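Data block below; observations after.
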Amino acid sequence: MCDMGGLDNLVANTAYLKAQGGDDKEMRKRRRSLSLPKPEQCAALRTSLEKEYESLCERQPIGKKFFRQFLASNPEYTTANDFLDELHEWDLAEGAAKDKARQNIINKFCKADSKTFLSFLTGEAADKCKAVTDKDFQEVMMGKVKEGTVEFLKGKPFQEYMNSPFFDKFLQWKEYEKQPITEKYFYEFRTLGKGGFGEVCAVQVKNTGQMYACKKLDKKRLKKKHGEKMAMLEKKILEKVNSLFIVNLAYAYDTKTHLCLCMSLMNGGDLKYHIYNIGEKGIEMNRIIYYTAQITTGILHLHAMDIVYRDMKPENVLLDSQGQCRLSDLGLAVELPKGKTITQKVRQEDVAMAMLGCNVIMAFEMKKMATMMTMMTMMTVMMMVVVMIFHDDDDDGW
């Protein structure tokens, strides 16, 4: 007898894998079908858009791309951009590669006879740039020289950019972003997992081919279990964060039955699976160090935004196909309001549970609350490191 359930699963898996592989010719055809709003339709957006350099040219990927294209059209502006790129690469480099990158920066950008000398610098920044040595390189270049370069780009280049065709194209994309998103915008594939409020399935954007994980929260379940505020808080926090070590929100929409959050597709499994189900139980020390660094960086990004992640466990650390990990499931995260206290009443002995992920928070004076919650979050990270090293065969993972 034919196993129809197994056959359906095989078909779903095949379609999912085929979509992930992608067809370059088909993807190009889909992208060409995109119809951006005309420039004259963006007049209202041009007027209302906040003219802030960091937001328009650094934090927004599409804005950063078009600003860089604009800089490439002017040799002097290109030099400033190249300097910041190479300085960033130097900062990330190690060993001999770092020494080589440092010397290359000095020769290219700090020598007055170089074609790519940072001639736009003035005052103290210019003097320090010309006199920089290997010993004071980090202090000088990451300090006054970098600041001077950024200030230069914020001035005339930024003003010219906002009156250029590159900024017009940026506005067209921003106007396109404002179009309402529905389930018709996506192809839906197999279910990747299930939870208390719904399920997660793989989806593909029809006109770009980009794959995402869509978290579909059942409205009836949310209402029955009083999870509406939790779902909206997760959406609000995901809209704010921008880190390589936290799942990113790409789209949010709702249907008659579900609230849908489309996020980074992490198809490498969760950390619990890697600890207990791949090879011998546990993880090699070099991987533990690597994962812990990524997890901690994600946590610190949230803390910098006054957001506390309260659901740290191996199941919520997801890996992508390249082995990079990200924090997921921010439903229990809490945003600490500045200058206020969290007033939900809870028994004194419940405070530890609140810090570890339960949906309860003590009414503390805010400074103490923020300190305690961030400390407890880092303690749970350390606990997870212990699990990765000293796993218990009889433990269920946490």
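The values are calculated or read from the model by the stated rules, or taken from the named source; none is laboratory data. Being a predicted model, the structure only gives us computed values, none of them experimental. A quick note on method: Cβ atoms are made from the backbone with ideal geometry, for glycine too, and the neighbour counts reach across all protein chains shown.
What the table shows:
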{"quantity": "Selection count, region 321-339, where residues are part of a loop (DSSP other than H, G, I, E, B), surrounded by 15 or more Cβ atoms within 10 Å (Cβ to Cβ) and not aliphatic (A, V, I, L, M)", "calculated": "4"}
{"quantity": "Any hit, region 249-256, residues being at pLDDT below 90 and among the basic types (Lys, Arg)", "calculated": "no"}
{"quantity": "Residue within region 301-315 that is among the acidic types (Asp, Glu), within 25 Å of PHE197 (Cα to Cα) and touching a residue at least 60 places away in the same chain (Cβ under 8 Å) present", "calculated": "yes"}
{"quantity": "Residue among LYS220, LYS240 that alone is closer than 22 Å to GLU177 by Cβ and not small (Gly, Ala, Ser)", "calculated": "LYS240"}
{"quantity": "Restricting region 70-104 to residues that are closer than 11 Å to PRO157 by Cβ and among the small types (Gly, Ala, Ser), the residue that is nearest to the chain's Cα centre (by Cα)", "calculated": "ALA80"}
{"quantity": "Those residues of region 38-69 which are within 16 Å of GLN159 (Cβ to Cβ) and outside any helix (DSSP H, G or I), in sequence order", "calculated": "LEU49, GLU50, LYS51, GLU52"}
{"quantity": "Single residue of region 127-154 satisfying the filter (more than 28 Å from the chain's Cα centre (by Cα) and surrounded by fewer than 17 Cβ atoms within 10 Å (Cβ to Cβ)) that is nearest to LEU56 (Cα to Cα)", "calculated": "GLU139"}
{"quantity": "Residues that are surrounded by 17 or more Cβ atoms within 10 Å (Cβ to Cβ) and of a type in the set (Lys, Arg), drawn from region 188-234", "calculated": "LYS215, LYS216, LYS219"}
{"quantity": "Filtered residues of region 18-58 (kept if at pLDDT below 85 and surrounded by 12 or more Cβ atoms within 10 Å (Cβ to Cβ))", "calculated": "ALA19, GLN20, GLY22, ASP23, MET27, LYS29, ARG30, LEU36"}
{"quantity": "Test set (1) farther than 27 Å from GLN60 by Cβ; (2) surrounded by 18 or more Cβ atoms within 10 Å (Cβ to Cβ); (3) of a type outside the set (A, V, I, L, M, F, W, C) - TYR273 fails condition number", "calculated": "(2)"}
{"quantity": "Cβ pairs under 7 Å, 6+ apart, first in region 75-88 and under 17 Å from CYS129 (Cα atoms) and free of Cβ contacts under 8 Å to residues at least 24 places away in the same chain, second among the hydrophobic types (A, V, I, L, M, F, W, C) and surrounded by 15 or more Cβ atoms within 10 Å (Cβ to Cβ)", "calculated": "GLU86/ALA101; GLU86/ILE105"}
